[in-house]
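The values are calculated or read from the model by the stated rules, or taken from the named source; none is laboratory data. Fair warning: this is a prediction, and the values are worked out from it, not measured in the lab. For neighbour counting, all protein chains shown are included, and Cβ atoms are generated from backbone atoms with ideal geometry for every residue, glycine included. Protein only, heavy atoms only, side chains kept; ligands, DNA and RNA dropped before computing areas. Shrake-Rupley method; radii C 1.70, N 1.55, O 1.52, S 1.80 Å.
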Amino acid sequence: MSVPTPAAAMAIRDSLEEEVLIALVRAAWLAAERSNAVTAAAGLSPSQYNVLRILRAAGRGGLSCTEIGARMVTRDSDLTRLMSGLAGAGLVVRGTDSNDRRRSTNRISAAGRALLRRLDGDVADAAKQTLGSLGRTRLTALRDLLVAFAPPQLSDST
């Protein structure tokens, strides 16, 4: 017995591509719901959490807003405002690039690293609760399909 697709369950006749797109968007929303609840409980929006993860991966060198924007999971229309908020909260340190004074560099602070360390286990648990029932083989296949659909940028490291 097969599970009906969302469109079939609602007696909607969409093309296969439309059905897949609807299922993908719905799955992404459901998958994000648990991890977003974890980060929201810590006072972070999904975009703020993503920036902190990106800056942690960047290491001591930090990144410019342009480099952060290129690595974001979702695009934020006002990354400068987002960075200012994180800096104001003491989670990010902003500075001027020593080689190019026109370029600002953003680094995660010790407080930002500590916050991420506190969240790491809960975020991993939320992902396991959300997707763990698929099993390793299906998760690997799903990851491979999603990467084929939306390959990471060369600069993506998150």
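When the helices in the chain are scored as -39500 (n - 2.57) per DSSP H run of 4 or longer and the sum is shared across all residues, what 222 nm value do you end up with, to the nearest 500 deg cm²/dmol? Calculated mean residue ellipticity at 222 nm is -20000 deg cm²/dmol.
The modelled label-to-label distance between ARG136 and ALA124, using points 7 Å beyond Cα along the C-beta direction, is 1.6 nm. Sorting the segments 90-97, 23-30 by their mean number of nearby beta carbons within 10 angstrom, highest to lowest, gives 90-97, 23-30. Rolling a 1.4 Å probe across all protein chains gives ILE22 an accessible area of roughly 70 Å². Annotation for the stretch 77-107 versus the stretch 129-146: alpha-carbon center distance of 36 Å. GNM remark for the chain: springs join alpha carbons under 10 Å apart, and the peak mean-square fluctuation among SER109, SER47, SER84 falls on SER84. Hydrodynamic estimate: the Kirkwood radius of the chain over Cα pairs, inserted into Stokes-Einstein at 20 °C and 1.002 mPa s, corresponds to D of 120 µm²/s. For the pair ALA70 and ARG113, label points projected 7 Å from Cα toward Cβ lie 2.5 nm apart.
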